[in-house]
1. In nm, to one decimal, how far is the modelled label at His240 from the one at Glu144, with both set 7 Å along Cα→Cβ?
2. Of all DSSP beta bridges located in the chain, what percent are antiparallel, nearest 5?
3. For the chain, which cysteines have no second Cys with its Cβ under 4.7 Å from theirs?
4. At a threshold of 8 angstrom on Cα-Cα distance, excluding pairs fewer than six apart, so keeping six or more, what relative contact order does the chain reach in percent?
5. Would you mind classifying region 60-195 by shape? Square roots of the alpha carbon gyration tensor eigenvalues, ordered a ≥ b ≥ c; an a/c under 1.5 is rounded, otherwise it is prolate if a/b is larger than b/c and oblate if not.
6. Can you sort Arg276, Arg265 by solvent-accessible area, 1.4 Å probe, largest first?
7. Taking the Cα centre of the chain as origin and charging only Cβ (+1 Lys, Arg; -1 Asp, Glu), how large is the dipole, in debye to the nearest 20?
8. Could you pull out the pairs from Lys31/Lys212; Lys132/Lys315; Lys169/Lys315; Lys50/Lys171; Lys112/Lys142 whose alpha carbons sit more than 32 Å apart here?
Amino acid sequence: MKDMKRKVLSLAAALFASATVSAQSVTISIKGTTADTIKQVRLFVNTNHKDATSINVTNGTFTYTAQAATNDIIIIEEGDFELAFVADATPVSLDFNSMTIDGSAVNNEFGKFQTAKHAYDRQLQALYLDYKQKSRLGEAAKAEIGAIIQRYDSIESIIMDMAMDYIPKHKSDVSPAYLIHAYSNGFDYATLEKILVSDAAYYNHVMTGKAKENLKRLSLRRPGRMFADLEMSDPAGQPHKLSEWVGRGNYVLVDFWASWCGPCRQEMPNVVEAYRRYHDRGFDVVAVSFDQDATSWKNGIEKLGMVWHNISDLKGWRCAASEKYGVNSIPSNVLVDPQGKIIASDLRGNALLLKLSEIYNK
């Protein structure tokens with residue numbers, strides 16, 4: 001859901017904050033349609049979510065004209081949903097009732113993608129609200145929560161596939177920068193490497209900045225790279241190195257998690273099942289916690305049945321693994337081969353069991 005507390009500033013400030021000295025200026029002319037009950041929409045530019053401007057809506061319509069830098073991406077937000085277009089000289093019409101865009105050839109193509117995606121956005125919103133409600137019930141709704149998460153992930157996968165179909169077809173315009181920014185946290189290393197190509201028109205757009213940083217971060221745990229050693233303590237306070245278990249002849253899952261992380265707890269039964277099936281055949285797990293509270297960490301280990309190796313430096317997001325493996329969201333993991341080489345990362349859901357079945361059943 002979008003942040004509903006964005007500070008409202010002038011349109012000029014929002015637009016010119018994103019422009020560079022060399023950028024060519026263009027007049028953007030916007031006509032919009034929305035529900036009669038809507039009183040305002042918000043406009044912001046590129047990644048500048050803090051400096052937004054309010055546009056008044058009268059009887060379900062609004063208009064706005066201003067100067068922007070050519071190829072800025074202008075985003076109009078109505079409640080929890082938004083429409084985006086590339087700043088060019090062609091006037092743009094936006095319809096939030098049908099989630100459609102009418103403008104230049106580039107924006108028409110960009111609009112078709114957003115219209116198709118919007119139906120899935122509605123489903124994700126409904127699932128999110130259901131998840132919040134069921135989460136209050138705790139263990140009583142465990143199965144239902146799991147089904148919601150599974151459905152949510154499957155819909156997100158559909159959207160990611162749509163984005164990956166759109167982006168390569170639009171290397172000659174900057175509209176993919178919006179999608180790359182929006183979904184960069186969901187792209188793996190190979191995908192980011194594929195789409196962040198220097199000959200694409202969007203490559204140097206400001207909205208690809210986060211994806212470029214993510215590519216650097218993911219490179220630290222990309223397949224083919226040797227594992228990085230860590231030194232932390234077990235729940236009894238005894239120091240250990242990751243190299244005590246990794247690179248010593250077994251396949252090892254290095255699992256990054258925290259007791260306070262809901263998705264981590266939802267994911268843990270998959271790791272428990274993988275360990276149960278394959279530990280006797282040489283598979284091992286080392287759980288690296290991003291906890292800060294030792295009691296919560298220990299309770300989580302016991303409650304979730306984490307009978308493998310557990311280590312932490314109890315520094316939360318300042319955990320050594322964050323820097324050495326580029327971890328900025330959890331759950332996350334790397335699967336390391338017997339020689340210490342990373343062969344897969346971020347295996348979630350059934351993906352871990354599928355990978356291990358390839359290894360041990362071949």
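1. 3.8
2. Working: 40 of 55 bridges.
Expressed as a percentage, antiparallel bridges in the chain total about 75.
3. Cys319
4. Values: 614 pairs, mean separation 42.7, N = 362.
Once normalised by length, the contact order is 12 percent.
5. Details: a/c = 2.80, a/b = 1.60, b/c = 1.75.
The shape class here is oblate.
6. Working: Arg276 155, Arg265 75 Å².
Ranked from most to least accessible, the order is Arg276, Arg265.
7. Values: 41 positive and 42 negative charges, 74 e Å.
Rounded to the nearest 20 debye, it is 360 debye.
8. Values: Lys31/Lys212 34 Å; Lys132/Lys315 28 Å; Lys169/Lys315 44 Å; Lys50/Lys171 29 Å; Lys112/Lys142 38 Å.
The answer is Lys31/Lys212; Lys169/Lys315; Lys112/Lys142.
The values are calculated or read from the model by the stated rules, or taken from the named source; none is laboratory data. These figures come from a predicted structure and were not determined experimentally. No Cβ is skipped: glycine too gets one built from the backbone with ideal geometry, and neighbour counts run over all protein chains shown. We work out accessible area using only protein heavy atoms, side chains counted, and drop any ligands, DNA or RNA first. Shrake-Rupley method; radii C 1.70, N 1.55, O 1.52, S 1.80 Å.
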